[in-house]
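Taking it in order: structure first as structure tokens, then the write-up.
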Amino acid sequence: MPTDSQLRLAVKPQLEPHEELLWVGHPNPNRMAFTLSKTLSLGICISLIVFSYVFYDEISYIVFAFTSPTSSSKEIELSVILIGLLIGCVTGLFLGPINLTYSYIRALKTTYALTNKRALIIISNLKHSIQSYSSADIGIIERVELKNGSGDLIFSQKCYKDSEGDWQKENVKFIGIQKVKFVEDLFRQVFNK
């Protein structure tokens, strides 16, 4: 886990003149991994089940080749559905740990910062990804707090076009931060929300 001084060092080059760093933190890697991986794993499983439905005829042909000639079409249809479910679940189980590991490592390389002018999300991989949110970008602030005082702080939304050309919205948030109520209070002070 990075120390407070290491986090401040990562943020310092991003600060503008007369910008004051008020808070710096990082996501809890376990919380971030769980939050990101459950969505992806479920999506992969559903996609594979849909895939088996779309290619029903091809899978039916394969199933039919391995079933007895006396099998009814209902038995074959049930076999195709079960094969789709099996493929989806096995793939989800295989990709789940890979995705968890990726999300965990990404959390270790993520730094959150709040200055007197903006909120920053910095992800340090081979290249730095810096997301900056000024007062104009900050919307409704929502806190999701766990019993231990940590939690998520949602403060903005990103709009983007998906692969089908439809507009989608994604919450921008600090995931799994300590003392989330304290950070929310700072946000409200800085951005008058």
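The values are calculated or read from the model by the stated rules, or taken from the named source; none is laboratory data. Because the structure is predicted, anything quoted here is derived from the model rather than measured. Every residue, glycine among them, receives a Cβ derived from its backbone with ideal geometry; neighbour counts consider all protein chains shown. For the accessible areas, the whole protein counts, side chains as well, though only heavy atoms, and no ligand, DNA or RNA atoms are used. Shrake-Rupley method; radii C 1.70, N 1.55, O 1.52, S 1.80 Å.
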- Task: Report, ordered by the first and then the second residue, all pairs with beta carbons closer than 6 Å, sequence separation of six or more or different chains, a first member in segment 4-15 that is among the basic types (Lys, Arg), and a second member that is surrounded by 15 or more Cβ atoms within 10 Å (Cβ to Cβ).
- Result: Arg8/Val24
- Note on the structure: Given (1) in contact (Cβ under 8 Å) with a residue 40 or more places away in the chain; (2) open to solvent by 10 Å² or more (accessible area, probe 1.4 Å); (3) in a strand (DSSP E or B), Lys193 misses just (3)
- Message: Among the residues of segment 123-136, are any of a type in the set (D, E, K, R) and either touching a residue at least 12 places away in the same chain (Cβ under 8 Å) or in a strand (DSSP E or B) (or both)?
- Response: no
- Message: Condition first: of a type in the set (Lys, Arg) and open to solvent by less than 50 Å² (accessible area, probe 1.4 Å). Now tell me which residues in segment 113-170 satisfy that.
- Response: Arg118
- Task: Answer yes if at least one residue in segment 70-92 is in contact with a Gly (Cβ under 6 Å, 6 or more places away or on another chain) and either modelled with pLDDT of 70 or more or assigned to a loop (DSSP other than H, G, I, E, B) (or both), and no otherwise.
- Result: no
- Item | Sole exception among (1) among the β-branched types (Val, Ile, Thr); (2) at pLDDT below 95; (3) over 15 Å from the mean Cα position of the chain (by Cα) for Ile175, by number | (3)
- Task: Select from segment 1-40 the residues that are assigned to a helix (DSSP H, G or I) and in contact with a helix residue (DSSP H, G or I) (Cβ under 6 Å, 6 or more places away or on another chain) and write down the one among them that is modelled with the lowest pLDDT.
- Result: Ser37
